[in-house]
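> Quick one: the structure is below, and I'll ask about it shortly.
The values are calculated or read from the model by the stated rules, or taken from the named source; none is laboratory data. Please read all numbers here as calculations on a predicted model, not as lab measurements. Here the Cβ positions follow ideal geometry from the backbone for every residue, glycine too, while neighbour counts run over all protein chains shown. To get the accessible areas, we keep the full protein, side chains included, count just its heavy atoms, and leave off ligands, DNA and RNA. Shrake-Rupley method; radii C 1.70, N 1.55, O 1.52, S 1.80 Å.
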Amino acid sequence: MNSRSGALPSPAVDQASGHAGVWRFTVPPVDVSVPQMRHAVRDLITRRGAPLSRDGLDGALLIVSELVTNAVRHAALLTPEVGVEVALDAHRLRISVEDGHPYRPRALHPNPEGQRTGGRGLLLVQATALGAGGDCGVEPTAAGGKVVWAELPLDRH
């Protein structure tokens, strides 16, 4: 996580897809970072002209919100910065959130008898990604943290 908070490095643009590239943001692990990243990702996707339906964009923003919220709530003590990466290519949108906590979460199974209102974020991410024909997962980082990611297919013309 070496770029400055909110800074957009020059993207590596695929000439065949004018919207393609990779952008990285870093934010502090605080509550206000969640809406900031949701707005930044929405603006980026819109500005790049990525072929994503309104439902696809809503799904992407839900994923950003849930993944950044998890990093803020569960990894803040071990994470001076949360990294958010948005990658667009000709066929997909990939959203990745990196934090410094070593725990590798798994989507929780729904518990109809439970009264908990929290703990469903990764289940929502998984349902959103898989329901759209994408994928999601978690990978360790070399520094001992993790990257939680989700991919959504772009709309076909």
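> If you go through region 80-93 one residue at a time, do you hit one that is on the phi < 0 side of the Ramachandran plot, at pLDDT below 90, surrounded by 13 or more Cβ atoms within 10 Å (Cβ to Cβ) and not in a loop (DSSP other than H, G, I, E, B)?
no
> Right, another one. So, of the residues in region 27-48 that are hydrophobic (A, V, I, L, M, F, W, C) and open to solvent by less than 70 Å² (accessible area, probe 1.4 Å), which turns out to be farthest from Asp89 (Cα to Cα)?
Residue satisfying both the conditions and the ranking: Val30.
> Return yes or no: is Leu123 of a type outside the set (Phe, Trp, Tyr), closer than 26 Å to Leu57 by Cβ and either assigned to a loop (DSSP other than H, G, I, E, B) or modelled with pLDDT under 95 (or both)?
Answer is yes for this residue.
> Can you pull out the residues in region 49-76 that are open to solvent by 50 Å² or more (accessible area, probe 1.4 Å), at pLDDT 95 or above and either basic (Lys, Arg) or touching a Cys at 6+ places or on another chain (Cβ under 9 Å) (or both)?
Result: Arg54, single match.
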